[in-house]
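Notes for the one structure printed next.
Just so it is clear, none of the values below were taken in a lab; they were calculated from the coordinates. Worth saying up front: this structure is predicted, and the values here are computed from it rather than measured. Every residue, glycine as well, gets a Cβ built from its backbone with ideal geometry; the counts of neighbours run over all protein chains shown.
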Amino acid sequence: MQFLIDNFAALTITGLAIGAVYALIALGYTFVYGVLRLINFAHSEVFMYGSFAAVWVVMILGGNVSGSTGQVIFWVAMMFVAAMLMSGFVAVVIERVAYRPLRKRNAPPLIALISAIGASFVLSEAMGLREKIARWFGLDDTLRDYVSNSRNNVPLPTIIKPQGVFNLFGYEVTNVDIFVIVGAIAMMIVLDQFVSRSRLGRGIRAVAMDPEAAALMGVNRDRVIRVTFLVGGVMAGAAAVFYLLKIGITRYDVGFILGVKAFTAAVLGGIGNLRGALLGGFVLGLAENYGSAIVGTQWKDVVSFLLLIVILLFRPTGLLGESLGKARA
Amino acid sequence: MSTSTAQTRKPRLDFKDRVAGLPKPVKIVLWALFAVFLFALPLLNIPFITTEDSDFGGVLFTVATYVLVALGLNIVVGYAGLLDLGYVGFYAIGAYVVGVLSSAHASLPWLVAVPIAIVVAMISGVILGAPTLRVRGDYLAIVTLGFGEIVRLTLVNSQWLGGARGITDIPRPPGIELFEVPSLDWSNGTPVVDLDNTTTFLKFGIGDFVPYYWLALVIIVLVLVFDILVKNSRVGRAWEATREDEDAAELMGVPTFRFKLLAFSLGAAIGGLSGALFAGKAGFISPDSFQLLLSILFIAAVVVGGAGNRVGVILGAIVVSYFPERFREFADFRVLVFGLALMVLAIFRPQGILPPGRTRRVKRADEREQVLEEGLPDA
């Protein structure tokens, strides 16, 4: 308990930073759930592919710690571009390959879970086996830096050195912390505006509210679903960049536990609710950090799941309630 | 004209109807033969089916535990329609209760520890279910998933339970050494009885896993009988009603919450039993044996096979557990191929390998309705 009080500021800032990452990934779950009423189990791999794209682009551009400010901005921007493109692409492919054929056949929702689990296995294993796959094409020598030791951690070359910017009750808040938290909130605001103002956002809300009525009103359901996956994927790509800047490593199975956490965050805030995902992410990140300060780091995940169970007992639809459509119609 | 073709078309007898039409003594003999075949399977060493790279008895035992787990999970997912992503938690509880009572902190014999494990798993099912079964379907999925992780992390972090190293020296089931059973040798292309390579009937040893497979098979038969009795009783009908429309069932006087809890705890009990069986065979358990991934494989077994159809989920369990073992030559690519197989199965058999009878009935009713509404589709 003393530890919690002594390190309150540090725990709060790291909790917010990791919570921001959870929130951005949670958006993908919440979006897809709102429109299709199913858990996109493969979303964790969308995040993972984004993180690899970000690491690789920095490696290609030769990013290093001694870059000038302009260079650093360029590298980070390129990380966002690469990660968002890759994640958005993977998300759309998942929708095309694993979900659309099922929708065409009116399959029961449970089977979509299986096909998503299958897609998730294929994607993460393909990344874990990239050295062997590159060898088939005789590329393992050319791509050595990118594919060797494919089952191990892949570090992001350090491009931003964490520096204390200001002191908050004895904790040096670093530039990375600020960038991650502010950046994630900014992305959320942009997304929120997109959903509530743009034509496509209106389509998404309409389909979430009542798919059949939306179709009768001339909303192209397939297109809306594709956009939903794309937006969720792009957000996961952004999350991957923030995650890399904060944590610094990724690996082929990084998505699994993060995905579970992000999904927890989505449910915590009220699945299908955008602002709920943001709130859920931050609450989860903070609770995890405070909780592990009180009962020990090894119980971190137990704290988050217990919190989820307790909250669902008292608010069965999450903190802010569900529904993408009803939230701000 | 179109109606006359509908009347003259002879209803196609499917396999099930044909089997059902056989005289009773023939059926009994067929079932007995099938049972003998299953028991003899690990000794027959049939080419192609037998796994080359790993002990076939051990593989069959693994398959049998998956079948058992799938039967238990089928009660929860298939009959009651509750999506449980943390089933491995009950499996772990069963295994650890046996471990704690027979090795770590007491030395009860395995046979005494197993019933206790079943009861503890059942109680844990009630404890988890009582507060959480009130939340709706998709929320239940994440809550149970969290439960599975809580169980595993507690095992990792609790020194009393052996921490990450787990529990060793779990006693094996009691056995008697009665006689030797020879196996077949196919190395010359034709089966030859191989008297050198034998299995001692009911010696639960270390090197030979065939007796464990036999034990598992007997337990599966018992659970199946129980399953059939429950499914055909009032309880089974109450589950079906709850799954199809909870509100309607409640209005018709079905205490849905109580029946959901019953399904949950029965499923948990069978999960605990499988865990206890696993602990007895392995002799060693650690939290690594109870990863979250296992829960997902269990769910995959049930859904791939056809949730709600007990023969289907047995097939699903065999697919999920046997094929990765059989195709070990793919080595690293096993999981990838398995993932592809799941996707292909999902797309081409959306109702599972063997959909439950109800799904087929509904489909037929839909077709009839369509014929009434729009006439027969002319080719």
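Report, in listed order, any pair from A:Lys132/A:Lys261; B:Lys260/B:Lys281; A:Lys161/A:Lys246 with a Cα-Cα distance greater than 20 Å.
A:Lys132/A:Lys261; B:Lys260/B:Lys281
Going by amide H atoms built from the backbone, whose H comes under 5 Å of the H on A:Thr250, apart from near neighbours?
Residues meeting the amide H criterion: A:Val154, A:Leu156.
Give the residue from A:Asn289, A:Val57, A:Gly269 lying farthest towards the positive end of the charge dipole for the stretch A:2-327; charges sit on Cβ (+1 for Lys and Arg, -1 for Asp and Glu) and the dipole is referred to the Cα centre.
A:Gly269
For a quick check: sort B:Thr154, A:Thr12, B:Thr65 by the number of other beta carbons within 10 angstrom, fewest at the front.
Result, fewest neighbours first: B:Thr154, A:Thr12, B:Thr65.
Express in nm, to one decimal, how much length is gained between A:Leu168 and A:Ser196 on full extension, taking 0.36 nm for each residue of separation and deducting their alpha carbon distance.
Full-extension gain reported as 6.5 nm.
Among A:Leu308, A:Tyr33, A:Phe74, whose Cα lies farthest out toward the positive end of the dipole of the stretch A:2-327, if unit charges sit on the beta carbon of Lys, Arg (+1) and Asp, Glu (-1)?
Result: A:Tyr33, furthest along the dipole toward the positive end.
Report the calculated FRET efficiency for B:Ala365 and B:Leu22 (r = Cβ-Cβ distance, R0 = 22 Å), to the nearest 0.05.
0.20
Roughly how big is the stretch A:183-328's charge dipole about its Cα centre, with Cβ charges of +1 (Lys, Arg) and -1 (Asp, Glu), in debye to the nearest 20?
Dipole about the Cα centre, nearest 20: 400 debye.
Residues of B:348-355, mean number of Cβ from any other protein chain within 10 Å of their own Cβ, rounded to a whole number?
Mean partner shielding for this stretch: 3.
Quick one: Karplus J couplings for the stretch A:199-214, per residue in order, coefficients 6.51, -1.76, 1.60, θ = phi - 60°, nearest Hz, x for Gly and Pro?
5, 5, x, 5, x, 4, 5, 5, 5, 5, 6, 7, x, 6, 4, 4
Determine, for A:Arg251, A:Arg205, A:Arg105, the number of other Cβ atoms within 10 Å of each Cβ, and report the residues in order from fewest to most.
Ranking A:Arg251, A:Arg205, A:Arg105 by Cβ neighbours within 10 Å, fewest first, gives A:Arg105, A:Arg251, A:Arg205.
Amide H neighbours of B:Val181 under 5 Å, at least 5 residues apart or on other chains, H built in the peptide plane: list them.
Hits under the 5 Å cutoff: B:Thr199, B:Thr200, B:Phe201.
Taking H placed 1.01 Å from N in the peptide plane, check which residues at least 5 places from A:Ile159 or on another chain put their amide H under 5 Å from its amide H.
Under 5 Å from the amide H of A:Ile159: no residue qualifies.
Taking each residue of B:80-88 in turn, how many C-beta atoms of other protein chains fall within 10 Å of its C-beta, and what is the average?
1
If packing is taken as the average number of other Cβ atoms within 10 Å across a peptide's residues, how do B:116-123, B:23-30, A:44-51, A:165-172 rank, most packed first?
Descending packing order for the listed peptides: A:44-51, B:116-123, A:165-172, B:23-30.
For the protein assembly as shown, what is the charge dipole size about the Cα centre, in debye to the nearest 20, if Lys and Arg each add +1 at the Cβ and Asp and Glu each add -1 at the Cβ?
Result for the protein assembly as shown is approximately 1860 debye, rounded to the nearest 20.
So if I place +1 on the C-beta of Lys and Arg and -1 on the C-beta of Asp and Glu, and nothing else carries charge, what would the dipole magnitude of chain A be about its Cα centre? I want it in debye, nearest 20.
Charge dipole of chain A: 1060 debye, to the nearest 20.
Just to be sure I understand: with springs between alpha-carbon atoms less than 10 Å apart, which residue in A:Val32, A:Val283, A:Val195 has the highest mean-square fluctuation in the Gaussian network model of chain A?
Greatest mean-square fluctuation among the candidates belongs to A:Val195.
Evaluate peptide B:147-154: per residue, the Cβ atoms of other protein chains within 10 Å of its Cβ; return the mean as an integer.
4
Please say if chain A is rounded, prolate or oblate, where rounded means a/c under 1.5 for a ≥ b ≥ c the square roots of the C-alpha gyration tensor eigenvalues, and otherwise the choice is prolate for a/b larger than b/c and oblate otherwise?
The shape class here is oblate.
Testing the spin-label approximation: label points 7 Å from Cα along Cα→Cβ at A:Ser148 and B:Leu372. State their distance in nm.
7.1
Please give the calculated 222 nm ellipticity per residue for the protein assembly as shown, where each DSSP H segment of at least 4 residues contributes -39500 (n - 2.57) and the sum is spread over every residue; nearest 500 deg cm²/dmol?
Taking each H run of at least 4 residues, the total per residue is -22500 deg cm²/dmol.
Pop a pseudo-label 7 angstrom from the Cα along the beta-carbon direction at both B:Gln159 and B:Leu222 and give the gap in nm to one decimal.
Placing both labels 7 Å along Cα→Cβ, they lie 3.8 nm apart.
Rounded, prolate or oblate: pick one for the stretch B:55-373, where a ≥ b ≥ c are the square roots of the eigenvalues of its C-alpha gyration tensor, a/c under 1.5 means rounded, and failing that, prolate if a/b is larger than b/c, else oblate.
oblate
Can you sort B:Asp55, B:Asp247 so the residue with the fewest Cβ neighbours within 10 Å comes first?
Starting with the residue having the fewest Cβ neighbours, the order is B:Asp247, B:Asp55.
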